[in-house]
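What follows is a short report on a single structure.
The values are calculated or read from the model by the stated rules, or taken from the named source; none is laboratory data. It should be emphasised that the depicted structure is a prediction, and the values quoted were computed from it without experimental measurement. Cβ atoms come from the backbone with ideal geometry, glycine included; neighbour counts cover every protein chain shown. Protein only, heavy atoms only, side chains kept; ligands, DNA and RNA dropped before computing areas. Shrake-Rupley method; radii C 1.70, N 1.55, O 1.52, S 1.80 Å.
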Amino acid sequence: MWAMTKRNLKLFFRDRGAVFFSLLSVLIIIALYAVFLGDTITGGMKDVKGVDFLMNSWVIAGILAVISMTSTLGALGIMVEDRAGKIMKDFTVSPLKRGSLAGSYIFCAFAVGVIMSLVALVVGEIFIVASGGEVLSAENMLKVVGGIFLSVLSSSSIVLFLVSFFKSRNAFTTASTVIGTLIGFLIGVYIPIGSLPEAVQGVIKVFPVSYSASFFRTVMTQQPAAVSFDGAPAGMLKEFNTELGVQFEFDGKMTTLAVCVIVMVVTAAVFYALSIWNLSRKKK
Amino acid sequence: MEKIIEVSGLRKSYGTVQAVAGIDFYVEKGSLFAFLGPNGAGKSTTIDMISTQLAPDAGQVMVDGHELGRDDGAIRAEIGIVFQDSVLDALLTVRENLMLRGSLYGMRKDALRDAVASAAFTADVMGFWNRPYGKLSGGQRRRADIARALVNTPQVLFLDEPTTGLDPQTRRKVWDTIRLLQKERNMTIFLTTHYMEEAAQADYITIMDHGRILAKGTPAYLKENYTRDMLKITPKKEEALHALLDREGIEFQKTGGDFVVRLRHTADAIGIIDKCRDEIAGLEVRRGTMDDVFLNITGSEVRN
C-alpha cells in the first residue's frame, strides 16, 4: 500500500497541470483580493489599527480551508484517471488487496492536502510578515498545523464521497471546475458571510468546510484582532467575527473552536463511511 | 501432460446478451495456446474471468490447481497479463513502473530488484530503462508491457493481441521473446491475436465466436479439417479445358479466366494435372491457410 501511495504522490506532483489546477481557486482568491476584494472589505475599517495584518490573516485562513478541498480533489483525480484509462486493471490483476488500493488513493489525497496546506501556510505567513504583520505564536502555529490535519481529513472525506461516483474524466473535470468555483462562495471567502442574504448564510453555515475556515480564522486572527480591537468595545469584535465568518451565530450563540473540531471529525467519520459503502457497493 | 488451465461450463451474460455461453477447454502446461475469434466473440470476457477480473455467472476454472473464486489471490500471483492497451504510468520511468508493479506481489527488496532486472532483461527494455513510459515509441512500450507482465515470474502469461499495431520488426522481436519464454522457461503462453500467421505457430488453437467454442485443435488438424486445398489452372484454350474437365467429371469453378478445383487431398492435384497436361498454360496448388480456417469457421461477414 505504501508503494502505491508513493506512486500516486509521484504521479500527482509530476503532473504539473494537476498541481496547477488544484491551486487554481487559490490563485483566483489571491488575484481577486489583490485587485478589489481587499479594498471592499477593509473599506469601512480604514481607521482600524493593523487592518492589513488582520485582513491578510483572514484571507490566508480562508485559503487554507479552500486548499484542503481543492488539493485533495486534485489528488483523487489519479483514482478517476486510473479507472477511466484501464490502468486500474493492472492493479486488480495483482495480489494487491482492494482495500489497500483504495487506501493508497486516500493516503495520497491526505498527504497532498497536508503538503499543499503547509506550503500555503508558510507562503501565507511570509506574506503576512512581509506586509507588516507578525508571525503566528508557537501555540497558534501548533493549533493551525493541527487544524490542517483535521480540515484535510474532513475535506478529503467529502471529496472522496463525490469522486466515488465518478468513472469518467469528463465528470471529474466538470466537478472540479464547479467545486473550484463554488468553494470560494460556500465558505465565504469571496464575499464575507455578513454581506450575504440570510438564505445564503444558511448554506454557508451547513457546509462543513466552513468550519475548517472558521477554525483557521479564529486562530489566525487572534493576534491581529488583539491589536486592532485593543480598547474597542467588546461588541465590535463580536460583530467583526460574525460579519467575516470567524465564528458563526446560531440563535445568538457563537460557535467555538471546539464546535469546529467536532464538525470536522464528525464530517470525516460520516463521509468516509459513506465513501466506503459506495465504493464497495460498486464491485458487484 | 499437465493441464495448467481448465475451464468448464463457463458463462457470463451482460443483461440479455450472452457474452460467454458455457465453454469448456483446457491449456497444457508449457504450451503456446492461441485463442481466436472475431471482435466481440467473447475472448476478452473469457480472459477477464480467468484472470479474476470479472466474476463468472456459472462454471468452474482451475489455474495451476487453484480454483477461481476461492483462491483468487494465488491465481493472481501466478499469472502475468499483457493487455491490449497500455496500462503503465506515462509519467513514471520504465524502472519506476516495474519496481512499483513488482512490489504489489509482496517481494522483499532484494528479490524484487532481481525479479525486475530479470524481467527487464528478458523483454529487452534496458536501453530505455530510465525514460518515462509516456515518451516511448509503440514498440518500446509493448516491450515494457511485457516486462511488466513478467515481473512476478508468472506460470501463465496472457497476451491479448500483443502485436496489434506494431511494425514487422517489433512484431518479430515480440515473438522472439514469447518463444524464448515458452522454450527456455517452460512458461505457458495464452495468446489472442488477429494475425493468422501468428496463430499458426501455436501448439493448440481454440476458435470462439458468439460466446461459444466452434473448433479446437492443432493448426495442422484445423487446416486438415476446415480447409480444402485448391488447384488453380490457367488454360491454353478455355473451351478445350472446360470440355476435358466435364468429360472427366471433375468439379470446378471459373474465376477470372482461371479454373479452380477444390481438392480433398493435395496429392489429388497430381492426377488432374496429368490428365490436363496439354491444356495447361500455368498452374498453382495452394494449401489451406489459417485464414481459410478462420473464415470457414466464423463466417466471412464483417462485424462491428
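With all protein chains kept in place, the per residue accessible area of region B:76-187 amounts to 43 square angstrom at a probe of 1.4 angstrom. Taken one residue at a time, the phi angles of region B:87-101 give Karplus couplings (6.51, -1.76, 1.60, θ = phi - 60°) of 10, 9, 7, 4, 8, 9, 6, 4, 4, 4, 4, 5, 5, 4, 4 Hz. Gly and Pro are set to x. Computed over neighbours whose Cβ is under 14 Å from that of A:GLY202, the net charge equals -2, Lys and Arg +1, Asp and Glu -1.
Karplus-derived 3J(HN,Hα) values for region A:245-255, using 6.51 cos²θ - 1.76 cosθ + 1.60 with θ = phi - 60°, are x, 5, 10, 10, 9, 10, 6, x, 9, 9, 6 Hz; glycine and proline are entered as x. Using R0 = 45 Å, the C-beta based FRET efficiency linking A:SER137 and B:ASN130 works out to 0.45.
Listed peptides B:270-281, A:186-197 appear in the order A:186-197, B:270-281 once ranked by packing, highest mean of other Cβ atoms within 10 Å at the front. Averaged over the residues of B:78-89, the number of partner chain Cβ atoms lying within 10 Å of the residue Cβ comes to 4.
One chain, two ends: A:ALA232 and A:ALA273. Fully extended at 0.36 nm per residue, the span grows by 10.1 nm beyond their Cα-Cα distance.
Extending 7 Å from Cα along the Cβ direction at B:ASP268 and again at B:ARG179 yields two label points whose distance is 3.4 nm.
Taking packing as the residue-averaged number of other Cβ atoms within 10 angstrom, the listed peptides B:283-292, A:212-221, A:109-118 run from highest to lowest as A:212-221, A:109-118, B:283-292. Charge dipole of the protein assembly as shown (Cα centre as origin; +1 on each Lys and Arg Cβ, -1 on each Asp and Glu Cβ, all else neutral): 560 debye, rounded to the nearest 20. Charge dipole (Cα centre; +1 on Lys/Arg Cβ, -1 on Asp/Glu Cβ; no other charges) of region A:69-164 amounts to roughly 520 debye.
Here region B:1-144 is assigned +1 on the Cβ of each Lys and Arg and -1 on the Cβ of each Asp and Glu. Its dipole about the Cα centre then comes out at about 620 debye.
Within region A:16-96, the proportion of Cα pairs with more than 18 Å between them is 58 percent. Probe radius 1.4 Å, ligands and nucleic acids left out: can you give me the accessible area buried at the A-B interface, summed over both chains, in Å² to the nearest hundred? For chain A against chain B, roughly 1900 Å² becomes buried. Considering only the other residues whose Cβ falls under 13 Å of the Cβ of A:ASN170, what net charge follows from Lys and Arg at +1 and Asp and Glu at -1? Surrounding charge for A:ASN170 is +2. Note on B:GLU238 and A:LYS86: with the Förster distance fixed at 45 Å, the Cβ-Cβ geometry gives a FRET efficiency of about 0.20.
Only one residue of B:LEU244, B:THR227, B:GLY257 has its Cα farthest out toward the positive end of the dipole of region B:208-266, where Lys and Arg carry +1 and Asp and Glu -1 on Cβ, and that residue is B:THR227. Ignoring solvent entirely, what values of log10 I(q)/I(0) come out of the Debye formula for the protein assembly as shown at 0.07, 0.08, 0.09 Å⁻¹ when each Cα is a single scatterer? Here log10 of I(q) over I(0) equals -0.60, -0.71, -0.81. Once the Cα-Cα distance is subtracted from the 0.36 nm per residue extended length, the A:ASP52 to A:LYS167 segment shows a gain of 36.9 nm. Ranking A:PHE149, A:LEU76, A:PRO95 by Cα position along the charge dipole of region A:50-209, where only Lys, Arg, Asp and Glu carry charges on their C-beta atoms, puts A:PRO95 farthest toward the positive end. Computed over the alpha carbons of chain A, Rg followed by Dmax gives 19.5, 68 Å. What FRET efficiency do you get for B:ARG247 and B:THR16 if R0 is 60 Å and r is their Cβ-Cβ distance, rounded to the nearest 0.05? Calculated value: 0.60. Rg and Dmax, both from the Cα atoms of region B:1-82 and both in Å, are 12.4, 39.
Adding -39500 (n - 2.57) for every DSSP H run of four residues or longer, then dividing by how many residues chain A holds, sets the calculated 222 nm ellipticity at -25500 deg cm²/dmol. Most tightly packed first, judged by the mean number of other beta-carbon atoms within 10 Å of their residues, the peptides B:102-109, A:59-66 read A:59-66, B:102-109. Taking Cα atoms only, the orientation of helix B:109-122 departs from the longest principal axis of chain B by about 20 degrees. Backbone geometry of region B:261-267 corresponds, through the Karplus equation with coefficients 6.51, -1.76 and 1.60 at θ = phi - 60°, to 3J(HN,Hα) couplings of 10, 7, 10, 6, 10, 4, 5 Hz, x marking Gly and Pro.
Charge tally around A:GLY50: other residues with Cβ under 11 Å, Lys/Arg +1 each, Asp/Glu -1 each, net -2. Taking Cα atoms only, the orientation of helix A:98-130 departs from the longest principal axis of chain A by about 30 degrees. Working from Cα positions, state the angle (0 to 90°, nearest 10) between the long axis of helix B:138-150 and the longest principal axis of chain B. Helix B:138-150 sits at roughly 60 degrees to that axis. Working from the Cα coordinates of region B:181-242, the gyration tensor eigenvalues give, after taking √(5λ), semi-axes of 37, 16, 10 Å in decreasing order. Measure up B:LYS3/B:LYS109; A:LYS6/A:LYS97; A:LYS89/B:LYS12; B:LYS135/B:LYS183; B:LYS109/B:LYS135; B:LYS216/B:LYS254 against 22 Å on the Cα-Cα distance and list the ones that go over. Pairs exceeding 22 Å: B:LYS3/B:LYS109; B:LYS135/B:LYS183; B:LYS109/B:LYS135; B:LYS216/B:LYS254. When the protein assembly as shown is described by a simple charge dipole with +1 on each Lys and Arg Cβ and -1 on each Asp and Glu Cβ, the residue from B:LEU136, B:ILE178, A:THR173 located farthest towards its positive end is B:ILE178.
When the P(r) of region A:130-284 is calculated, the portion above 20 Å amounts to 57% of the C-alpha pairs.
Label point 7 Å out from B:GLU197 along Cα-to-Cβ: which residues of region B:144-169 have amide N under 16 Å? Output list for this probe position: B:163-169.
Cα-Cα pairs above 17 Å in region B:146-283: how many percent? Here the long-distance tail beyond 17 Å is 69 percent of all Cα pairs in region B:146-283.
Summarising the overall dimensions of chain B from its C-alpha atoms, the Rg and Dmax are 23.9, 80 angstrom.
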